[in-house]
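*Asks:* Encoded as structure tokens, here's the structure I'll be asking about.
The values are calculated or read from the model by the stated rules, or taken from the named source; none is laboratory data. Because the structure is predicted, anything quoted here is derived from the model rather than measured. Every residue, glycine among them, receives a Cβ derived from its backbone with ideal geometry; neighbour counts consider all protein chains shown. The protein model used for the area step is the full one, side chains on, heavy atoms only, and it has no ligands, DNA or RNA in it. Shrake-Rupley method; radii C 1.70, N 1.55, O 1.52, S 1.80 Å.
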Amino acid sequence: MSYSQVEILCEEPSMKYFLEGLLPRILPPPFQLNLNVYIRAFEGKQHLRKELPKRLRAFNKFQCEVKIIVIHDQDSADCFTLKHELLEIINSQTNLPSLVRIACSELESFYFGELEILESIYPRFKSSRHTGKRKYRDPDKIQSPGRELKKLIPEFDKTKTARKIGPIISLSTSLKKPYPVSTSISFFHLHHGIRTFLSPPNSIFP
């Protein structure tokens, strides 16, 4: 069965800006951003949770076939519990194909997985001083990565950074990439999961 529309629901505008740069690099044909793939950003996790059942019921009534992707920050919650809770909400409202991905612990965790790209956006930040430090080795375990980035880069701006990093963050381990591969496993699960979910079976990604 083919699906003519993809609905991506995320909890805040900064994730939307990040995805707008990332998705054109990973969407398999025939999916195209703003043609048959749409990102719906909410004003925080509570707003997303409140609106999710209503949106899911609306998707059931669409005349076209829909695939649903929900992206949610982990924050202080348990990743597996949070994913299960979201899947329960989805399955209670629709039988449409769905994918849930958790950003561990926030969108900014992805940035710690590749500090060099932050230096390209904020030249006064010297990534070499921080790359390899024990507290940053596993970006998905950094507590409050947004606040941590603000300490390292006082001029850090969520919107500016999300818009600029999406188009350049590394997707693979290729040595030909302009920047080192990301060390965020959460980010790998996000982009690989989306490509797998939307691609024909047995697809092979570079």
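*Asks:* From the P(r) of the stretch 42-122, could you give the percentage of C-alpha pairs in the tail past 16 Å? It would help to have the intermediate numbers written out before the result.
*Replies:* On the way: 1883 of 3240 pairs.
Counting pairs separated by more than 16 Å, the tail of P(r) holds 58 percent.
*Asks:* Could you give the dipole magnitude of the chain about its Cα centre, charging the beta-carbon of Lys and Arg +1 and that of Asp and Glu -1, in debye to the nearest 20? Walk me through the intermediate numbers first.
*Replies:* Working: 31 positive and 22 negative charges, 82 e Å.
The calculated dipole for the chain is roughly 400 debye.
*Asks:* Moving on. Helix-only mean residue ellipticity at 222 nm, the chain, DSSP H runs n ≥ 4 weighted -39,500 (n - 2.57), per residue, nearest 500. What is it?
*Replies:* On the way: 8 runs with 88 residues, N = 206.
Calculated from helices alone, the mean residue ellipticity at 222 nm is -13000 deg cm²/dmol.
*Asks:* Per 0.36 nm of contour for each residue apart, how much would the distance between Arg40 and Arg195 grow if the chain were fully extended, relative to their Cα-Cα spacing?
*Replies:* Values: separation 155, 0.36 × 155 = 55.80 nm, distance 1.85 nm.
Extending this stretch completely gives an extra 53.9 nm.
*Asks:* Separate question: Probe of 1.4 angstrom, ligands and nucleic acids ignored: what's the accessible area per residue over the chain, in square angstrom? Before the final figure, lay out the partial values.
*Replies:* Details: 10920 Å² over 206 residues.
About 53 Å² of surface per residue is accessible.
*Asks:* Simple spin-label model, 7 Å along Cα-to-Cβ: Asp78 to Ile185 in nm?
*Replies:* 1.7 nm
*Asks:* Across 5 Å bins from 0, what is the distribution of all Cα-Cα pair distances for the stretch 60-102, in whole percents?
*Replies:* So the P(r) values, bin by bin, are 5, 22, 30, 19, 13, 7, 3, 1.
*Asks:* Next question. Which pairs break 25 Å Cα to Cα here: Lys54/Lys160; Lys45/Lys126; Lys45/Lys83; Lys67/Lys150; Lys83/Lys126? Let's see the in-between values first.
*Replies:* On the way: Lys54/Lys160 31 Å; Lys45/Lys126 33 Å; Lys45/Lys83 13 Å; Lys67/Lys150 36 Å; Lys83/Lys126 36 Å.
Where the Cα-Cα span goes over 25 Å, the pairs concerned are Lys54/Lys160; Lys45/Lys126; Lys67/Lys150; Lys83/Lys126.
*Asks:* Here's a follow-up. Using a 10 Å cut-off on Cβ atoms, rank the peptides 14-21, 59-66, 142-149 from the highest mean neighbour count down. The partial results should precede the final answer.
*Replies:* On the way: 14-21: 21.9, 59-66: 12.5, 142-149: 18.0.
Ranking, from highest mean packing down: 14-21, 142-149, 59-66.
*Asks:* Next question, about the same structure. Using 0.36 nm times the number of residues separating Lys160 and Arg137, minus their current alpha carbon distance, what extension gain do you get? Write out the running numbers ahead of the final one.
*Replies:* On the way: separation 23, 0.36 × 23 = 8.28 nm, distance 2.45 nm.
Gain in length upon complete extension: 5.8 nm.
*Asks:* Leaving out ligands, DNA and RNA, and with a 1.4 Å probe, what % of the accessible surface on the chain is carbon or sulfur?
*Replies:* Ligands and nucleic acids excluded, carbon and sulfur reach 52 percent.
*Asks:* Hey, another quick one. Would you grab the residues whose amide H sits under 5 Å from the one on Val70? Only those 5+ places off in sequence or on another chain, please, with H modelled 1.01 Å from N.
*Replies:* Leu9, Leu99, Val100, Arg101
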